[in-house]
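Beneath this line is the structure, given in structure tokens, with notes to follow.
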Amino acid sequence: MVERRAVGLPLEQVLGWAEFCGLRIAVDPGVFVPRRRTEFLVQQAAALARPGAVVVDLCCGAGAIGAALAAAVEDAEVHAADLDPAAVRCARRNVPGHVYQGDLYQPLPDRLRGRVGIVAANVPYVPTGEIGFLPPEARAHEPLVALDGGPDGLDVLRRVAAGAPDWLAPGGHLLIETSERQASTAAAAFEASGLTARVVSSSDLGATVLIGTLTPT
């Protein structure tokens, strides 16, 4: 164990788990490690979710968000998806719900269209040119697909926002973690997709979350 940590493996991958929202989340080597700041996204989503809500965790990684919302929202129906097979295998141990492998909304069952109360997504949002400035343990031991958000860091966010109106129920919410400096551009992408956007932040956790709402027509 000491040797694996000494060569740079994140502590959570060495231990095989990470603490997140009071839960022990299984984390395998090569899988994105849940960040403590993402607990703020869960807090915001849980406050918006109604009992029995359909909850979707996109870019789920180890499934920390989905697992935490399953614990926080009474009778939640939780679905999670990720492109990375290793992440999906890990999430299936953590999420008390359905976990799919595929690109964003693509693997979700059609019966969820127009029924989802909460879409929560910790999308990759580091600009490609800034990947080299990340800590070595992230660059070397976490999948690039979970880190690299494209030239301005918002490529995946834009795709998630664009697809959200097809899946959200009227009055449903899309929540995505972003950075403070990206928030205004990200909010514009939400608005362009037909969502009413607002930005919330936590100075304690160093977290910024964009919340989009599909206004009932």
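The values are calculated or read from the model by the stated rules, or taken from the named source; none is laboratory data. Predicted, not measured: the structure shown is a model, and the values here were computed from it. Glycine also receives a Cβ, built like all others from the backbone with ideal geometry; neighbour counts cover every protein chain displayed. Surface areas here come from the heavy atoms of the whole protein model, side chains and all, with no ligands, DNA or RNA. Shrake-Rupley method; radii C 1.70, N 1.55, O 1.52, S 1.80 Å.
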Rounded to the nearest 20 debye, dipole of the chain from Cβ charges on Lys, Arg, Asp, Glu: 240 debye
Rounded to 10°, Cα long-axis angle of helix 155-167 versus longest principal axis of the chain: 40 degrees
Packing-based order for 109-116, 18-25, 152-159, using average beta carbon neighbours within 10 Å, highest first: 152-159, 18-25, 109-116
Given charges at Cβ of Lys, Arg, Asp, Glu: the chain dipole, positive-most of 91, 49, 104: 49
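Applying a 10 Å radius around every beta-carbon, put 182-189, 67-74 in order of their mean neighbour count, most first. Could you put the intermediate results ahead of the total?
Values: 182-189: 18.2, 67-74: 21.0.
The peptides rank, most packed first, as 67-74, 182-189.
If packing is taken as the mean number of other Cβ atoms within 10 Å per residue, what is the order of 202-213, 87-98, 117-128, 51-62, highest first? Walk me through the numbers on the way to the answer.
Values: 202-213: 18.2, 87-98: 20.9, 117-128: 22.7, 51-62: 24.3.
Taking the mean over residues of other Cβ atoms within 10 Å, the ranking is 51-62, 117-128, 87-98, 202-213.
Under 8 Å for C-alpha pairs, at least 6 residues apart: give me the relative contact order for the chain, rounded to a whole percent. Intermediate results must be reported in sequence, preceding the final value.
Details: 489 pairs, mean separation 38.3, N = 217.
It rounds to 18 percent for the chain.
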Net charge of neighbours whose Cβ lies under 14 Å from the Cβ of residue 191, counting Lys and Arg as +1 and Asp and Glu as -1: +2
Extension reserve of the residue 110-residue 205 stretch, reckoned as 0.36 nm per residue once the Cα distance is removed: 30.6 nm
Estimated vicinal HN-Hα couplings, Hz - the range 199-216 in sequence order (Karplus 6.51, -1.76, 1.60; Gly, Pro = x): 10, 10, 8, 10, 6, 5, 9, x, 10, 10, 10, 9, 10, x, 10, 8, 6, x
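Given Cβ point charges of +1 (Lys, Arg) and -1 (Asp, Glu) and nothing else, what value in debye, to the nearest 20, does the dipole of the range 144-206 about its Cα centre take?
Values: 4 positive and 8 negative charges, 29 e Å.
Once rounded to the nearest 20, the dipole reads 140 debye.
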Average accessible area per residue (Å²) across the chain - probe 1.4 Å, nucleic acids and ligands excluded: 45 Å²
Cα-based helix-to-principal-axis angle, 183-192 vs the chain, degrees rounded to 10: 40 degrees
Amide H contacts of residue 100 (H built 1.01 Å from N, under 5 Å, at least 5 apart or other chain): 80, 81, 82
Long-range HN-HN contacts of residue 115 with modeled amide H, under 5 Å: 169
Computed log₁₀ I(q)/I(0) - Debye formula, equal Cα scatterers, no solvent, the chain, q 0.07, 0.14, 0.16 Å⁻¹: -0.19, -0.79, -1.05
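Determine the dipole magnitude for the range 1-115: charges of +1 sit on the beta-carbon of Lys and Arg, -1 on that of Asp and Glu, nothing else is charged, the reference point is the Cα centre, and the result goes in debye to the nearest 20. Please list the in-between numbers first.
On the way: 13 positive and 13 negative charges, 15 e Å.
Result for the range 1-115 is approximately 80 debye, rounded to the nearest 20.
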